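**Student:** One structure follows; several queries about it will come next.
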Amino acid sequence: MDVSVKSSSHLNAVASIGQTTLDLVQEMGRMALFLFQGALAMVTPPFRFQLLLKQISFIGIHSLFVIVLTAVFTGMVLGLQGYYTLSRFGSEALLGPAVALSIIRELGPVLTGLMVTGRAGSALTAELGIMRIREQVDALHAMGINPIKYLVAPRMEAGLLVLPLLTAIFDLVGIYGGYLVAVQLLGMSSGTYFGGIETALLPKDLWVGLLKAFSFGLIITWVCTYKGYTTSRGAEGVSRSTTSAVVLSSVLILVWDYFVTSVML
């Protein structure tokens, strides 16, 4: 009797693992198909520029304040920590390049992506989720309008355009944040700070950071619109979709950042 019970429990455990794996594979397939449909809708006329401009404003302009604020204090923290670390080895002159490279290659695109995910990505998911549970998406189908073209494509296009621009702003503000601490607070020469950056910074460093930002823009809008578009079970479903979208987007940003960095290096 005990043997049969143990065998049954083992089989249930294996069945549960198998079902979870199948569900995960199916979800990945649905997400991949959704991405393909969104990419196809972005390059297929008609092009709704008014919707695109609205999403650029929502994702980009409305996120500008939090991006600038995060960039200033990120640069200041890097400048402060970097100065006291490098001073132990008599290498304070390398503070400018250390701050600039850290921000441009890594912290700029990653923190921009995380901030946009928290501010705009969650709102995108909630907006589409509410439209789904109110059957507005089904109404678009009934009117002969492709919901992917009307709702998803403008948001994906806006993410691809806006994230590199926000990252460039983050980089510039962050470097000047480090300047405020290094030069104005700690008395370092401004010529040494900016001269080191000019010498150490390569065009490749800029392109790597912008490439990451471009890919993060796609990840954020893809995951968040998918989660919102497939929302179910009313208000509870919207809450779950929003939380899931923010968590999954943030994790994918960090994972993808590692792979891009390993390839580019």
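**Student:** Output the qualifying pairs, or none if there are none: Cβ atoms under 7 angstrom, residues six or more apart or on different chains, first residue in region 239-259 and more than 19 Å from residue 207 (Cα to Cα), second residue surrounded by fewer than 17 Cβ atoms within 10 Å (Cβ to Cβ) and of a type outside the set (Asp, Glu).
**Tutor:** As it stands, the answer is 246/118, since those pairs meet every condition given.
**Student:** Determine whether residue 33 is assigned by TED's automatic domain parsing to the domain that holds residue 212, without any contact (Cβ under 8 Å) to a residue 60 or more places away in the chain and either in a helix (DSSP H, G or I) or within 20 Å of the chain's Cα centre (by Cα) (or both).
**Tutor:** no
**Student:** Turning to a different aspect of this structure: On the given criteria, is residue 187 at positive phi and at pLDDT below 85?
**Tutor:** Against the criterion (at positive phi and at pLDDT below 85), residue 187 qualifies.
**Student:** Still on this structure, please answer the following. Are any residues in region 174-208 free of Cβ contacts under 8 Å to residues at least 40 places away in the same chain and hydroxyl-bearing (Ser, Thr, Tyr), and if so, which ones?
**Tutor:** Selection gives 189, 190.
**Student:** Restricting to region 89-106, name every residue that is in a helix (DSSP H, G or I) and either without any contact (Cβ under 8 Å) to a residue 60 or more places away in the chain or touching a Phe, Trp or Tyr at 6+ places or on another chain (Cβ under 7 Å) (or both).
**Tutor:** 89, 92, 95, 96, 98, 102
**Student:** Determine whether residue 221 is touching a residue at least 24 places away in the same chain (Cβ under 8 Å), over 18 Å from the mean Cα position of the chain (by Cα) and crowded, with 22+ Cβ neighbours inside 10 Å. Reasoning before the result, please.
**Tutor:** On the way: touching a residue at least 24 places away in the same chain (Cβ under 8 Å): yes; over 18 Å from the mean Cα position of the chain (by Cα): no; crowded, with 22+ Cβ neighbours inside 10 Å: yes.
So residue 221 does not fit the description; no.
**Student:** Could you list, in sequence order, the residues of region 153-163 that are in contact with a Leu (Cβ under 8 Å, 6 or more places away or on another chain), surrounded by 21 or more Cβ atoms within 10 Å (Cβ to Cβ) and not basic (Lys, Arg)?
**Tutor:** 154, 156, 157, 158, 159
**Student:** Going residue by residue through region 81-104, is there one that turns out to be within 23 Å of residue 230 (Cα to Cα) and within 22 Å of the chain's Cα centre (by Cα)?
**Tutor:** The initial filter retains those residues of region 81-104 that are within 23 Å of residue 230 (Cα to Cα), namely none.
Within region 81-104, not a single residue is within 23 Å of residue 230 (Cα to Cα) and within 22 Å of the chain's Cα centre (by Cα).
The values are calculated or read from the model by the stated rules, or taken from the named source; none is laboratory data. Note that the structure is predicted; figures quoted are calculated from it, not measured. Don't worry about glycine lacking a Cβ; one is built from the backbone with ideal geometry, like all the others, and counts go over all protein chains shown.
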